[in-house]
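Working notes for the structure below.
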Amino acid sequence: FANLVLVSNRCDLLLPLHGPPVDALGELLGEGSVLGPLLTELAGDAAKLQEIACLISDPGSKQQPIHPDTPFTSEPTLYAAFVALQDVSLEMGPTVYLPGTHTHECHSSFYGGDLERGKDQTGLRQAPIAEAFLQTRPVVLGTLKAGDVALYNQQVLHCGSANESPDR
């Protein structure tokens, strides 16, 4: 399990880079897919796969703190593609995205002017809650249908919301 911004009842299960996970990835990105050419256009032919994982948010999991997965850099270093393996409803705690927050200005505002806070690798990533900044940001909820993909720059501020479903 990866050490991310985890709270109880939430985990990130890293999968092997061979066998069924890679076969599924071939279907997702291979010939005739929409996502394959999009990723090539976005990240280039030299892009490398970093990991395949399952993010699991069990009933009762609390909301994560808002965070980026990677600190700000002028060139995006990582992109994530969330593929829904089941329908994700509001009560299941979809990912909350703050579009456009991958910029130097937004990270600086989020971290109270101290970008070094964004380089914390402890998994806690405690940022000051800049309420005025957050109130100015649009929000997109990652409610997805099985098979849908959410693709984002990992510098975008986001969080997993609470799973308030009784059994999903």
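Assorted remarks:
- Complete set of residues in segment 32-41 that are in contact with a strand residue (DSSP E or B) (Cβ under 9 Å, 6 or more places away or on another chain) and free of Cβ contacts under 8 Å to residues at least 60 places away in the same chain: Val34
- Only one of Asp23, Asp12, Asp45 that is under 24 Å from Asp87 (Cβ atoms), modelled with pLDDT under 90 and among the acidic types (Asp, Glu): Asp12
- With respect to being in a loop (DSSP other than H, G, I, E, B), touching a Leu at 6+ places or on another chain (Cβ under 6 Å) and of a type outside the set (Gly, Ala, Ser), Thr70 fits the description.
- If you filter segment 62-119 down to residues that are under 11 Å from Asn153 (Cα atoms) and of a type in the set (D, E, K, R), you find that the one that is least open to solvent (accessible area, probe 1.4 Å) is Asp69.
- For segment 137-148, a residue qualifies if it is buried (at least 16 other Cβ atoms within 10 Å of the Cβ), more than 11 Å from Thr95 (Cα to Cα) and in contact (Cβ under 8 Å) with a residue 60 or more places away in the chain, but none of them does.
- Evaluation of Asp12 against (1) more than 14 Å from the chain's Cα centre (by Cα); (2) of a type in the set (D, E, K, R); (3) under 30 Å from Ser108 (Cβ atoms) (one fails), failing number: (1)
- Among the residues of segment 42-61, not one is exposed (fewer than 10 other Cβ atoms within 10 Å of the Cβ) and under 25 Å from Leu141 (Cα atoms).
- All told, Cys159 falls short of being open to solvent by less than 30 Å² (accessible area, probe 1.4 Å), at pLDDT 90 or above and farther than 27 Å from Asp87 by Cβ.
- Condition check for Gly36 on (1) part of a loop (DSSP other than H, G, I, E, B); (2) closer than 16 Å to Gly147 by Cα: one failure, at (1).
- Number of the condition not met by Leu29 [criteria: (1) touching a residue at least 12 places away in the same chain (Cβ under 8 Å); (2) over 20 Å from Gln155 (Cβ atoms); (3) among the aliphatic types (A, V, I, L, M)]: (1)
The values are calculated or read from the model by the stated rules, or taken from the named source; none is laboratory data. From a predicted model like this one, the values you see are computed outputs, not experimental measurements. Positions of Cβ are generated from backbone atoms using ideal geometry, with glycine treated the same way; all protein chains shown enter the neighbour counts. All accessible areas refer to the heavy atoms of the entire protein, side chains included, with ligands and DNA or RNA removed. Shrake-Rupley method; radii C 1.70, N 1.55, O 1.52, S 1.80 Å.
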